[in-house]
1. Hey, among Glu213, Glu169, which residue is loosely packed, with under 14 Cβ neighbours inside 10 Å and acidic (Asp, Glu)?
2. In the stretch 14-70, which residue that is of a type in the set (Phe, Trp, Tyr) and at pLDDT 90 or above is nearest to Leu153 (Cα to Cα)?
3. Working only within the stretch 272-302, note down all residues that are within 15 Å of Leu313 (Cβ to Cβ), assigned to a strand (DSSP E or B) and of a type in the set (A, V, I, L, M, F, W, C).
4. Condition first: modelled with pLDDT of 95 or more and touching an Asp or Glu at 6+ places or on another chain (Cβ under 6 Å). Now tell me which residues in the stretch 237-259 satisfy that.
5. Here is a check on your reading of the model: is Ala215 at pLDDT 90 or above, of a type in the set (A, V, I, L, M), touching a strand residue (DSSP E or B) at 6+ places or on another chain (Cβ under 9 Å) and in a strand (DSSP E or B)?
6. So is Ser228 touching a Lys or Arg at 6+ places or on another chain (Cβ under 7 Å), touching a residue at least 24 places away in the same chain (Cβ under 8 Å), surrounded by 18 or more Cβ atoms within 10 Å (Cβ to Cβ) and hydroxyl-bearing (Ser, Thr, Tyr) or not?
Amino acid sequence: MSHTLIRFGQLAATLPVVAFSVGYATQAGAVSLGPAAEYNVFVLGDYNQTGTDTEGKLAVGGDASFTDGFAVGMLLRGEGNGEVIVVGGDTTLSNGKVYGDATFGGNQAIASNVGFEILDTNNQVIRQGNITQGQPIDFAAAGQHLRTLSASLHAQSQAVPTTKEVREEWGNRFTTIIGNNTKTLFEQYGTSLLATMEGSDSKLNIFNISADELASTKYFNILAPEDSTVLINVTGEVASMSGFGFFFNGEDCNNSNVHMGCRGKAQNVLFNFSEAKSLDLNSISIMGSVLAPNADVKFNNGHINGNLIAGSLSGNGQSNLHLFKGDRPESPDTESVPEPGTVAGIILSLAAFGASRRKKAE
């Protein structure tokens, strides 16, 4: 197991370029969630949630079912949000509200107790939301991008060597993993694990934790510079996060006085489940985003402060609008993602040009 830090330039240089059939806007930086970046919830397959709220936008590639008092886009106000909900397959909606426009790719079963409306900042209705038929997102291309990104982040974290120190006191085990400017401390008391992840890089800090360790965790403390990105790679095919509290720099995020500040810091944290085929999120307030593009995710009795990206999703967990912002330059690159062949051609052309210049100089 490797607990590592990868600097911003190293990671950005190795992330692959993925082509899309449409021109998705991209954000250059440590991590780009691509077409999923603006969605509070982005599901590549089927979606089935009951009695829950999604404060931001939601996209589903497969079939979707919303029932028993749901809300989508509940914190979005005014025009300019585009489609608040996008479903590629068939859709069932009952007893809820969509705060914006919607686009559905398949058949729709919309009950009379479902409303579509756009509100202003005073919560007054501007107009009724539009419902259109179409496929504005290429979910196949999006899935390719997200799976490649997840695998790349995982591979990078394994590349840097670490040292491991273990000591025991009074039957309790203390394990320290030291990498490049990172230190991870696991304190084991019986079957419970206290995890502290400390990084000193101002740009990007990357750590690893196994699915078994994460399942045993009862305390999770992140120590990192204020605006640095924290990427936590979770290894293992069956993973869970349940019943533990988050701390930032020792501050308890369950404390009402620091809770909103924790939500802001959570926008720099990404949990990457590249190997997970199943992921159980239960009775927890997650401070960070979750990238699990290969996993069937069950999310119950809790909420997430960030993006939730899943292979499929079911349950009643709530998604709060604190989207992952990571580490990126001030001015975004809004050009379409180029074709890999185009990139290769540019590189070869530059190489040929450089060789020509050197030959003339000789």
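1. Values: Glu213 fails: loosely packed, with under 14 Cβ neighbours inside 10 Å.
Every option except Glu169 fails the conditions.
2. My answer is Phe42.
3. Listed by number, the residues that qualify are Leu279, Leu281, Ile286, Val290, Leu291, Ala292, Ala295, Val297, Phe299.
4. If the condition is that a residue be modelled with pLDDT of 95 or more and touching an Asp or Glu at 6+ places or on another chain (Cβ under 6 Å), then Glu237, Ser240 are the ones that fit.
5. No.
6. Yes; evaluated as a whole, the condition is true for this residue.
Results for (1) surrounded by fewer than 19 Cβ atoms within 10 Å (Cβ to Cβ); (2) touching a helix residue (DSSP H, G or I) at 6+ places or on another chain (Cβ under 8 Å); (3) at pLDDT below 90, shown as yes or no for each residue.
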site	(1), (2), (3)
Thr176	yes, no, yes
Thr191	yes, yes, yes
Ala195	no, yes, no
Ile206	no, yes, yes
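Table: residues versus (1) polar (S, T, N, Q); (2) surrounded by fewer than 17 Cβ atoms within 10 Å (Cβ to Cβ); (3) touching a residue at least 60 places away in the same chain (Cβ under 8 Å).
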| site | (1), (2), (3) |
| --- | --- |
| Val234 | no, no, no |
| Val238 | no, yes, no |
| Phe246 | no, no, no |
| Ala266 | no, no, no |
| Val269 | no, no, no |
| Ala276 | no, no, yes |
| Leu291 | no, no, yes |
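The values are calculated or read from the model by the stated rules, or taken from the named source; none is laboratory data. Here the structure is a predicted model, which is why all the values come from computation and not from measurement. Don't worry about glycine lacking a Cβ; one is built from the backbone with ideal geometry, like all the others, and counts go over all protein chains shown.
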